[in-house]
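Have a look at the structure below before the remarks.
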Amino acid sequence: MPRAAALPKYEKVREKLRARILDGQYAPGMRLPTEIELFREFRASDSTVVRALNDLAREGLIVRRRGSGTFVAEQANPPLLPGRRLKLGILWYHSVRASLFGGLCHELSRGALDAWGLGSLEPEFEENRAGTYTRAAWRQQARNLVVECLGNEWGGQSRAPALKVVRDAGYDGLMTLGIIEEAWLGELLNLGLPAVIVDCPSQRLGRRADLVYADPQIGYRDAVDAFVARGLTRIHFVTAYVWDPHKKINDPSRKSGFRYGKRTDPDSFLRLSTFRQAMDAHRLEVQDAHIHRFDGAAAPELAARLAALPELERPQALVCHGLDHANALVAACAAQGLHLEAAGATDRRVAGPAVNILLNTREMGSVAGELLLRRLKQPDRPYLNVGIQMDCLPSPAAVNG
């Protein structure tokens, strides 16, 4: 080991703090001195102390809680599988980069990281020079644990990481987030690794892996019930599209992300089925003409078509796949002189005219993380299909109005 005098300053700070933790001077659960106090004690720069603390956090010796401080890790945070080094992969449907943290995949990942005791760590980002993948990693040496979020290359349109990269990474278990390409998922499961598929409601895949999906039964039925209770009986449904990487369009004038054909989002089929059941419970007929397929850019066009319908056929309310569609359509229809109500799904409360049908994505990720651990501990248990409840909430605008 190098002499103490030869160590970089941040390593000296780190080793002194590590010694205090290991000899019990800083007990499990105890709050460490503030960063300012440590700056003064060690006569070190703020970046030096922060780097030392980050190293200790990656090892699992301390937990950094934003707004609360830094604490010695509880002894109740043992290795996930005692005596075994574990490497877990979380596969995103798009690239992994800091600018996309805060979105759907990040919130799902945070839930899994919470379940595995890594929620307080900051990730290390990487993009390989060949441009075939992007990655973020969380490491805790003291717990023999590494977790990686793996995505495709920057700007990639494959909607899944390259299978070769996944295979070569040496994962012990996998979670997929928002990847809906069934053929790709089938090939992934052929690798024989324990896996949990998140946000892809495919019952066929549920015979080979655990599934965690957004269950629309309560949220969407409550939305229909709320509209009917207000006397709104002409209710239409709006599905969502996703672009299909297998249907490439040879049109150089389009931006790269739009050079593909479209297909209905698989989640829309579940939500539409729930909508039909809710309408049937009120003895309200749903005709094919009441189902609309639309993407965000087509809001004015769809609004014009709805406004042009005979008065008794125009919708009074729309139940949409997503809240962004619902808010866009309310505004576009109002511009056409058609004033209606709307509801749509979201993973966070959003102010606007439409009703929020809220999905707790962090809880969804946490459940998936727990299922993967159970699969690693009990590889022969039956596969589970777990639906995370969506709740219908009034929009913040309605609450504050």
- Query: Which one of R221, R159 is under 30 Å from A354 (Cβ atoms) and in the same structural domain as G261 (by TED's automatic domain parsing)?
  - Reply: R221
- Does L376 qualify as being in contact with a Gly (Cβ under 6 Å, 6 or more places away or on another chain), surrounded by fewer than 24 Cβ atoms within 10 Å (Cβ to Cβ), over 17 Å from A240 (Cβ atoms) and not hydroxyl-bearing (S, T, Y)? yes
- Note on the structure: Of the residues in region 149-165 that are outside any loop (DSSP other than H, G, I, E, B) and surrounded by fewer than 23 Cβ atoms within 10 Å (Cβ to Cβ), the one that is farthest from the chain's Cα centre (by Cα) is K164
- Query: Within region 213-229, how many residues are closer than 17 Å to N385 by Cβ and assigned to a helix (DSSP H, G or I)?
  - Reply: 2
- Query: Across region 109-146, which residue is modelled with the highest pLDDT among those that are assigned to a helix (DSSP H, G or I) and in contact with an Asp or Glu (Cβ under 7 Å, 6 or more places away or on another chain)?
  - Reply: G111
- State yes or no: is C320 modelled with pLDDT of 95 or more, under 26 Å from the mean Cα position of the chain (by Cα) and either of a type outside the set (F, W, Y) or assigned by TED's automatic domain parsing to the domain that holds V224 (or both)? yes
- Query: Restricted to region 119-146, and to residues that are free of Cβ contacts under 8 Å to residues at least 60 places away in the same chain and closer than 13 Å to K87 by Cβ, which residue is surrounded by the fewest Cβ atoms within 10 Å (Cβ to Cβ)?
  - Reply: A137
- Query: Of everything in region 53-70 that's over 14 Å from E122 (Cβ atoms) and without any contact (Cβ under 8 Å) to a residue 60 or more places away in the chain, which residue is surrounded by the fewest Cβ atoms within 10 Å (Cβ to Cβ)?
  - Reply: G67
- Kindly provide the set of residues from region 360-382 that are in contact with a helix residue (DSSP H, G or I) (Cβ under 8 Å, 6 or more places away or on another chain) and either at pLDDT 95 or above or part of a helix (DSSP H, G or I) (or both), ordered by number. T361, R362, E363, M364, G365, S366, V367, A368, G369, E370, L372, L373
- Item | Filter result for L174 (of a type outside the set (S, T, Y), in the same structural domain as A112 (by TED's automatic domain parsing), in contact with a Ser or Thr (Cβ under 9 Å, 6 or more places away or on another chain) and over 24 Å from R271 (Cβ atoms)) | no
- Message: Looking at region 223-234, can you tell me whether even one residue there is surrounded by fewer than 19 Cβ atoms within 10 Å (Cβ to Cβ), closer than 30 Å to L56 by Cβ and in contact with a Pro (Cβ under 8 Å, 6 or more places away or on another chain)?
- Response: no
- Item | region 182-201, residues that are surrounded by fewer than 17 Cβ atoms within 10 Å (Cβ to Cβ) and within 26 Å of G344 (Cα to Cα) | E182
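Table: residues versus (1) surrounded by 14 or more Cβ atoms within 10 Å (Cβ to Cβ); (2) among the small types (G, A, S); (3) under 19 Å from G352 (Cβ atoms).
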{"residue": "T274", "(1), (2), (3)": "yes, no, no"}
{"residue": "R283", "(1), (2), (3)": "no, no, no"}
{"residue": "A289", "(1), (2), (3)": "no, yes, no"}
{"residue": "A299", "(1), (2), (3)": "yes, yes, yes"}
{"residue": "P310", "(1), (2), (3)": "no, no, no"}
{"residue": "C320", "(1), (2), (3)": "yes, no, yes"}
{"residue": "A334", "(1), (2), (3)": "yes, yes, yes"}
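The values are calculated or read from the model by the stated rules, or taken from the named source; none is laboratory data. Not measured: the values here are computed from a predicted model. Positions of Cβ are backbone-derived with ideal geometry, glycine not excepted, and every protein chain shown enters the neighbour counts.
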